[in-house]
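Worksheet: one structure, shown below.
The values are calculated or read from the model by the stated rules, or taken from the named source; none is laboratory data. Fair warning: this is a prediction, and the values are worked out from it, not measured in the lab. Cβ placement follows ideal geometry from the backbone for every residue including glycine, while neighbour counts extend to all protein chains displayed.
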Amino acid sequence: MVNISSNNQYITYEEFKNFCEFFLKKSKQLNYNWEWMEDSNHLKKTGYLKFSQVIEIDKKEISSTVFKFEKDDNLDKIINDVELKMLENQYDDDNVLNEDSKTRIIWEWHIIYSPIFQIPVLFFNAWDEEYQPIDILSNKEIFPIKPLYMPIITQKDHPILGVPYYYAHPCTTGQNMNMLYNININKDELNNTIEEINIDNTDILYNTTNTNENKYNNYIASWLSTIGLIKVDINYFI
Amino acid sequence: MEGENTTTTTNNESDEINYPFENVREKVFNGSIPIKFVVSEEDKSKIPNSIDYELAFYYNIPRCSYFPIHKTEIEEYFISRNVVENGDNIWYSYKDIPLKWHYPVGLLYDIYVNSDDLLPWEITVHFSNYPNNKLINIKDLDTLKDSYLTTLKESDYMRYGNANRVMCLSLDDQSTLWNSLCNLNFKNFWNINSKLLIDTPWSNISARLYINDNVIQERFANISEENTTLKDLIVSWCQEVFTEEEINNNIDNYKFILHGINISIDTPLLWLGQYLSYPDNWLHIIIKQKSS
C-alpha cells in the first residue's frame, strides 16, 4: 500500500501522514485514543498524532519543583477544557479511590513530523491536577513507564502550537529505523542468527518482513516502541 | 619562502574576487537595537518611593544576540535601585507578548515591531510570574548555550544531511564560537563559523519563515542553481497562504524582512544563506503585509 520513497530510514511528510492513518486505524481496533490533529490557527495544515492520558501516582513521587505561576488563558490552547472534563469523567467512572496520598498527572503525547530529520519526533507535556505544567526534568520518576534507556529530553517550542513542550532527542532514531528496515544489509547477520537457533522455515520470517505493506505500515508503532516512554501494545504487530 | 609568499598573495586576491561581500557578514553581525526597559505593572509596586523619576534602563543590544546574554547588566540596574533582590525569574514582554529568549533579539524586533514605530524599542521587564505556558524554562546561560548549539546542529543537518560539521568542532572551537557570539567578536566568530557554512553545494536551505504567529519550516532542496531565488522558496512553502497568482501580481503588497532589511524577493537564495544567516546559521525571514 505505502511505498517508502528511498532506501533509507527517512520518510517524507506524505509518507508520515499515510503511516499515521494506518496507525490510527489499528489504534481504533485496539481501543487506544490516538487522534489526528491539525491546528486551525496555523497557516499550514500540518498535522500530528495526539494521545492524552491521566495517570495516578503517589504524591511523594512528585517533588515540589512544579513550576510556580498563575493559570492563564493560553492553557486552553494546550488542553481544551471539554477534553479534560471528558478525561476526568472517564477517571471518575473507573471508581478509583480519591485517596489523599494520590495525585493525578495529565499527560499529552504528540507524534510530530520533523522536516529537518525526516523522521517522527515525540513531544509531550505533563500537568498536575490544577493544570499547572510539571517540570518533567526534575521529576523523571513520574513517567508512566520507566524506559530501559532514558532518552535525552529537552524543552523546545512545539513546532505547530509554538508553546513549550518536552521532546525526546531524535539522535538515534535514524539508526534504529535503519536497523529495522534495511533488511538487505542485515540479511547475512539474520541468516546466521536463524542458523544458530535452528529455524528451518526461514520463509516464515521473510514472508512477514519482505512485502512493503507489512514492512512499513507499522512504521509509527515500531518507531514509538524504540522511544520507550510510552507503552506500545504488542497487538499493533500481530 | 618565495613560493609560499606568492601562494599567499594569490589566495588573498582570489578571496577578494570570490567573496566580494565579506563585509556584509560583519555589518549584519554588528547591527544593534537601542532598547528601553521599563518595569511591568505587576512589579511596579516594588519600586521604592524614593525613586521619583521614570525608572527605565537604556541599553544597546546586538541584533544577533539573545536577551539572557545581557541579563547581568539589565538586572543590575534594577537591583542597585532596590526594586528587586535578584533577577532569577526575569522575563521580557512587548505589547503583552512574552518574548522568547531563544530567539535572536533582532528577530523578535522584526517579528513584532512595525517599521513606523519609534526607537528605542520599549520592552517590559518582569521579575515575577514567569509564564511557563508560553516560555521555555531557563536556568542559566548554559540553557541558552545548549539551545543555540542544538539549533546550530539542526541547521548543519539541513544543509548537509548530517550534523558532522558541528559535532566535529573541537571543544575549544565550540567555546570560541559561543564566547565570541556573547562578546560580539566578529573575527573570532567567523573563523570558526566559516567551517560550518562554506562548503557547497548544500542539500537544503536552512530557513524559517515567520508569518503572523506562524513559523513555517520545511525542506527546500533545489538550491544548487545560482538563479534559485527567495521567490522560489516562497512559492513552494506558501501555497496555502497565498496563491501563485497573488505572489506574481500582488507581491508589492508584502515585504520580506531579514535583519531589519526589506530584501528583494529576487535575491539568490544561496547568497542569502551564506551572507545573511543569523549566527545560528538559519535564515529567519519575516513576511509582512505592507500597511496601506
From B:50, B:45, B:32, residue being at pLDDT below 95 and under 27 Å from residue B:135 (Cα atoms)
B:45
Restricting to the range A:127-169, count the residues that are assigned to a strand (DSSP E or B) and under 14 Å from the mean Cα position of the chain (by Cα).
5
With the requirement that a residue be of a type outside the set (Phe, Trp, Tyr) and touching a residue at least 24 places away in the same chain (Cβ under 8 Å), what does the range B:178-190 give you?
B:181, B:182, B:184
Of all residues in the range A:99-139, count the ones that are within 11 Å of chain B (Cβ to nearest Cβ) and not charged (D, E, K, R).
15
Got a number for residues in the range B:249-270 being farther than 21 Å from residue B:184 by Cβ and either in contact (Cβ under 8 Å) with a residue 12 or more places away in the chain or part of a loop (DSSP other than H, G, I, E, B) (or both)?
15
Residue list for the range B:94-132, restricted to those being within 14 Å of chain A (Cβ to nearest Cβ) and part of a strand (DSSP E or B)
B:97, B:98, B:126
Return the residue satisfying two criteria in turn: it lies in the range B:242-264 and is of a type in the set (Val, Ile, Thr) and in contact with a strand residue (DSSP E or B) (Cβ under 6 Å, 6 or more places away or on another chain), and of such residues it is farthest from the other protein chains (Cβ to nearest Cβ).
B:263
Take the range A:195-234 and flag every residue that is exposed (fewer than 12 other Cβ atoms within 10 Å of the Cβ) and modelled with pLDDT of 90 or more.
A:234
If you go through the range A:20-45 one residue at a time, how many are touching a strand residue (DSSP E or B) at 6+ places or on another chain (Cβ under 7 Å) and within 14 Å of chain B (Cβ to nearest Cβ)?
5
Unique residue being in contact with a Gly (Cβ under 7 Å, 6 or more places away or on another chain) and crowded, with 19+ Cβ neighbours inside 10 Å when the list is B:205, B:216:
B:205
Picking from B:253, B:262, B:227, B:249, which residue would you name as being under 15 Å from residue B:290 (Cβ atoms), modelled with pLDDT under 85 and out of contact with any helix residue (DSSP H, G or I) (no Cβ under 8 Å at 6 or more places or on another chain)?
B:249
Within the range B:154-163, can one find any residue that is free of Cβ contacts under 8 Å to residues at least 24 places away in the same chain, hydroxyl-bearing (Ser, Thr, Tyr) and away from every other protein chain (no Cβ under 12 Å)?
no
Just checking, which of B:220, B:256 is outside the structural domain of residue B:33 (by TED's automatic domain parsing) and in contact with a Leu (Cβ under 6 Å, 6 or more places away or on another chain)?
B:220
Matching entry among B:134, B:153 (being among the charged types (D, E, K, R) and within 30 Å of residue B:42 (Cβ to Cβ)):
B:134
